[in-house]
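Everything below concerns the one structure shown next.
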Amino acid sequence: MTSKIIGVGNYIPSETITNLFFDNHLFLNQDGSAIKENNAAITSKLQKITGIEERRYATNDQVTSDLGLIAAQKAIEDSGIDPETLDYIIFAHNFGDVKSGTIQSDAVPCLAARVKHLLQIKNNFCVAYDVLFGCPGWIEGVIQANAFIRSGIAKKCLVIGAETLSRVVDIHDRDSMIYADGAGAVVLEASTDESGIKSHLSASFTFKEKDFLYFGKSYNNDACQDTKYIKMDGRKIYEFALVNVPDAMKQCLDKSGYSIEQLSKIIIHQANEKMDEAIVERFYQLYGIPAPHNIMPMVIDKLGNSSVATIPSLLTMILKDELESHQIQKGDIVLFASVGAGMNVNAFVYQF
């Protein structure tokens, strides 16, 4: 027995933030010194490396659980199920609900509990909990839901990935331009046919890699030193990802029993366009063949990096025929993969 996706939904925030938004930002180096390049050169370099032209931000009256609720409602509607029949609601995020204009995280009660309440689910045995696993959190939630279903203790699970990274960025850090807001969700149930999750893999690299992504002070030395923001060592993350993610993807695919030639799509966390392209190229090199054209859908250019939301949001767009050059047909074999804070890596192979 395995589990299959029976409903998908996403929420792409309405506020479009172009690279011009950052023209008047005061970007600083880590030591607080001024960056010699002007902002036009900084944003141009960012676009060349990451592919990001635009990103989406939540409106001032929204928080992460609001975004997750909308995606969850769409996924439930798409699945056609009664939400009272859900056994688990698993909500992947990293920073809780952060109100606009603040930096304080609010995760009590957990975001899954908030969504369950807003869905007005009365079933006390629908268990609601959160997953904090960096950007791979949504995939990890799917893996956990699959385990519940395979074990027989659950029949239907809702897995949400949502984040408002725009609320936890240091405006003086160039990396702040990468981050975005969004949400995606799926409903899974026990599979009675050939479709579903065929293999999965997870790993946590913490011995030397734990602090490649972390919470740190502003690059502006005049700002409050006790206020923390999301920070990353981009070069170390890039090098880590290129070494470890392709190998994890290969292990997961080999475990599934499918061949590399049978793979229809790779849906990877939208972290950085150049990095994702390099990961996929190296993955195919492990099999001694070049990466096929159009194997990896990308929407980071318009949506930015919304952490746990990128994969379920992209999957919804494909299944709803919102990406002109990418489709998934019945029987297609798709490899999902992600990398992020921890440093965590995970993947699963799915037959549609």
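The values are calculated or read from the model by the stated rules, or taken from the named source; none is laboratory data. Small disclaimer: the values here were computed from a predicted structure and weren't measured. In this analysis, Cβ positions are derived from the backbone assuming ideal geometry, glycine residues included, and neighbour counts consider all displayed protein chains.
Mind checking which strands (runs of 3 or more DSSP E) fall wholly inside segment 145-234 and carry at least 1 residues that are assigned by TED's automatic domain parsing to the domain that holds Q104 and within 16 Å of the chain's Cα centre (by Cα)?
Answer list for segment 145-234: 156-164, 181-190.
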Selected residue (only one of I42, I49 is β-branched (V, I, T), assigned to a helix (DSSP H, G or I) and farther than 22 Å from T310 by Cβ): I42
Scan segment 219-235 and report the pairs whose first residue is under 14 Å from H172 (Cα atoms) and whose second residue is in a strand (DSSP E or B) and of a type in the set (A, V, I, L, M), with Cβ atoms within less than 7 Å and a gap of 6+ or a chain change. Y219/L28; N220/L28; M232/L213
Mind listing just one residue for me: the one in segment 295-315 that is touching a strand residue (DSSP E or B) at 6+ places or on another chain (Cβ under 7 Å) and either of a type in the set (F, W, Y) or without any contact (Cβ under 8 Å) to a residue 40 or more places away in the chain (or both) and, of those, nearest to M177 (Cα to Cα)? P297
When both residues are 6+ apart or on different chains and their Cβ atoms are under 6 Å apart, which pairs have a first residue that lies in segment 107-135 and is closer than 27 Å to L213 by Cα and hydrophobic (A, V, I, L, M, F, W, C), and a second that is part of a loop (DSSP other than H, G, I, E, B) and at pLDDT 95 or above? A107/G96; L111/H93; L132/N94; C135/H269
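Let's see how each residue does on (1) under 24 Å from K231 (Cβ atoms); (2) not β-branched (V, I, T):
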{"position": "I266", "(1), (2)": "no, no"}
{"position": "E273", "(1), (2)": "yes, yes"}
{"position": "Y284", "(1), (2)": "no, yes"}
{"position": "G288", "(1), (2)": "no, yes"}
{"position": "I300", "(1), (2)": "yes, no"}
{"position": "G331", "(1), (2)": "no, yes"}
{"position": "F336", "(1), (2)": "no, yes"}
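Of the residues G342, G288, which single one is at pLDDT 95 or above, on the phi > 0 side of the Ramachandran plot and either assigned to a loop (DSSP other than H, G, I, E, B) or out of contact with any Gly (no Cβ under 8 Å at 6 or more places or on another chain) (or both)? Spell out the reasoning first.
Values: G342 fails: at pLDDT 95 or above.
Of the residues listed, the single one that is at pLDDT 95 or above, on the phi > 0 side of the Ramachandran plot and either assigned to a loop (DSSP other than H, G, I, E, B) or out of contact with any Gly (no Cβ under 8 Å at 6 or more places or on another chain) (or both) is G288.
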Do you know which residues across segment 149-171 are out of contact with any Pro (no Cβ under 8 Å at 6 or more places or on another chain), surrounded by 21 or more Cβ atoms within 10 Å (Cβ to Cβ) and not aliphatic (A, V, I, L, M)? K156, C157, E163, T164, S166, R167, D170
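For every residue, the table says whether it meets (1) in the same structural domain as A113 (by TED's automatic domain parsing); (2) over 19 Å from E15 (Cβ atoms); (3) in contact with a Pro (Cβ under 7 Å, 6 or more places away or on another chain); (4) of a type in the set (A, V, I, L, M).
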| position | (1), (2), (3), (4) |
| --- | --- |
| A40 | yes, yes, no, yes |
| I49 | yes, yes, no, yes |
| I52 | yes, no, no, yes |
| A58 | yes, no, yes, yes |
| V63 | yes, no, no, yes |
| I70 | yes, no, no, yes |
| Q73 | yes, yes, no, no |
| D78 | yes, yes, no, no |
| I81 | yes, yes, no, yes |
For N94, indicate whether it is assigned to a loop (DSSP other than H, G, I, E, B), loosely packed, with under 15 Cβ neighbours inside 10 Å and not assigned by TED's automatic domain parsing to the domain that holds D301. no
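Hey, among the residues in segment 112-131 that are surrounded by 21 or more Cβ atoms within 10 Å (Cβ to Cβ) and among the hydrophobic types (A, V, I, L, M, F, W, C), which one's farthest from D226 (Cα to Cα)?
C126
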In segment 316-346, anything within 27 Å of S176 (Cα to Cα) and either of a type in the set (G, A, S) or out of contact with any Pro (no Cβ under 9 Å at 6 or more places or on another chain) (or both) is listed as T316, F336, A337, S338, G340, A341, G342, M343
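Can you name every residue in segment 1-38 that is in a helix (DSSP H, G or I) and surrounded by fewer than 18 Cβ atoms within 10 Å (Cβ to Cβ)? Explain how you work it out, then say what you get.
Let us first name the residues in segment 1-38 that are in a helix (DSSP H, G or I), namely 19-22.
Residues satisfying the conditions are L20, F21.
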Subset of segment 97-111 [in contact with a helix residue (DSSP H, G or I) (Cβ under 8 Å, 6 or more places away or on another chain) and either in a strand (DSSP E or B) or surrounded by 21 or more Cβ atoms within 10 Å (Cβ to Cβ) (or both)]: D97, V98, L111
What tally of residues in segment 112-135 results from selecting those that are touching a helix residue (DSSP H, G or I) at 6+ places or on another chain (Cβ under 9 Å) and farther than 16 Å from G68 by Cα? 6
Kindly indicate whether F283 is modelled with pLDDT of 95 or more, in contact with a Lys or Arg (Cβ under 8 Å, 6 or more places away or on another chain) and surrounded by 18 or more Cβ atoms within 10 Å (Cβ to Cβ). yes
